[in-house]
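Data block below; observations after.
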Ligand SMILES: Cc1ncc(COP(=O)(O)O)c(C=O)c1O
């Protein structure tokens, strides 16, 4: 089952889409003086930049390509290390590898986001960037992480794929680092099936992001053209169809977040008095998305018993988002036989090694954690149990009562 936006696809999205189909312009570029060309991608970029409180946004075709554009556009490349949490979606790491840099895995703390203390320990003379991931809609410890990045002159890239609509102390996630990226796949706050966005305050970075996502062209393909393109780019463009759906979805973000907050608060209150039960630390309760409620049971055994009885799994066993379950990272399975970037002669550090158990703090936390769905029901996140966007307080109360019954047997 998908995320909140997907459950609200309706007439508004149809209307936006029809406008594009009837106008006949599916490509993001069209003739400005033809009223049939609706420039949906451009409008979406403007809207998302406004929401993020930054001047620049580039729409792309996924959250993964958004990360690759951000990394490459900011100059991360061969020889560089990027610190990334061990609890995240594979794309945070694969984008670093395709930027030809080395992912350095760091611990998460009770926020289930990067642990600033471990980030400090992982910095080497080769570190170029910190990729902070706001997992499960909850902003990471951005104050501390930004201070570390500034102190060591490192780039801070915010992977906000799971946190579109979240704010940290009044500012949108994605607007605090050197670049922020969003995903619009079906599990995210809003969706068009797939899609992504990169935002930044820096005009030079914006120009590089735009060029990289569109064959080296200047923003909106205006200005510098044949003979003067600054570098070779690729094609990660968004279509007008995707942007049309997202423009309709964007109007629903506030309502989505408000609904999730109300349901999450009610669920949390209903189980808060269970002895020994702890909650994930939320850095900004007003600002988080509220898509999931994560609880810690006192022991791994109890957590597994409770999860099994609820028909779900502890986060450590949930598959996709835990480094220890990523065989392609652990075994450094690259697409070509040469093994770059791990064996790149430009990389002067010791050969990187990844193994199960390398992040004991993360392993211990995730083994005791259960993700309860509030708006994202996804077996890959370990959130098969809970409620979804269409559910009201009745369903929340019923699910919370079920959780209490099961947890009480073991606590
Ligand atoms: C933390 C994180 N980063 C990046 C991505 C990649 O986004 P996409 O699926 O749009 O490529 C995801 C998607 O699940 C994600 O959860």
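Every read-out reported here was derived from the displayed coordinates using simple, explicitly stated rules and does not represent laboratory data. In this text, all values refer to a predicted model and were calculated from it rather than measured experimentally.
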query = Which residue, 346, 100, 110, tops the fluctuation ranking in a GNM of the chain built on C-alpha contacts under 10 Å?
reply = 346
query = Does the range 1-60 come out rounded, prolate or oblate, given a ≥ b ≥ c as the square roots of the eigenvalues of its C-alpha gyration tensor, rounded meaning a/c under 1.5 and, failing that, prolate meaning a/b above b/c?
reply = oblate
Value of [θ]222 nm, deg cm²/dmol, for the chain, DSSP H segments ≥ 4, -39500 (n - 2.57) each, nearest 500 = -11000 deg cm²/dmol
inquiry  = What does DSSP give for the chain in terms of the percent of beta bridges that are antiparallel, rounded to the nearest 5?
reply    = 55 percent
query = Over all distinct alpha-carbon pairs, what is the Kirkwood Rh of the range 341-388 in angstrom?
reply = 13.9 Å
request  = Calculate, axis by axis, the spread of Cα positions in the range 77-217 along the three principal axes, and write the results as whole Å, longest axis first.
outcome  = 38, 32, 27
task = Answer rounded, prolate or oblate for the range 164-243, using the Cα gyration tensor with square roots of eigenvalues a ≥ b ≥ c: rounded when a/c is under 1.5, else prolate when a/b is larger than b/c, else oblate.
result = oblate
message = Give me Rg/Rg_expected for the chain, where Rg uses Cα atoms only and Rg_expected = 2.2 N^0.38 Å with N residues.
response = 0.99
task = Identify which of 117, 384, 243 has the largest mean-square fluctuation in a Gaussian network model of the chain, with springs joining Cα atoms closer than 10 Å.
result = 117
task = Taking every pair of Cα atoms in the range 321-411, average 1/r, invert it to obtain the Kirkwood radius, and report Rg/Rh to two decimals.
result = 1.20
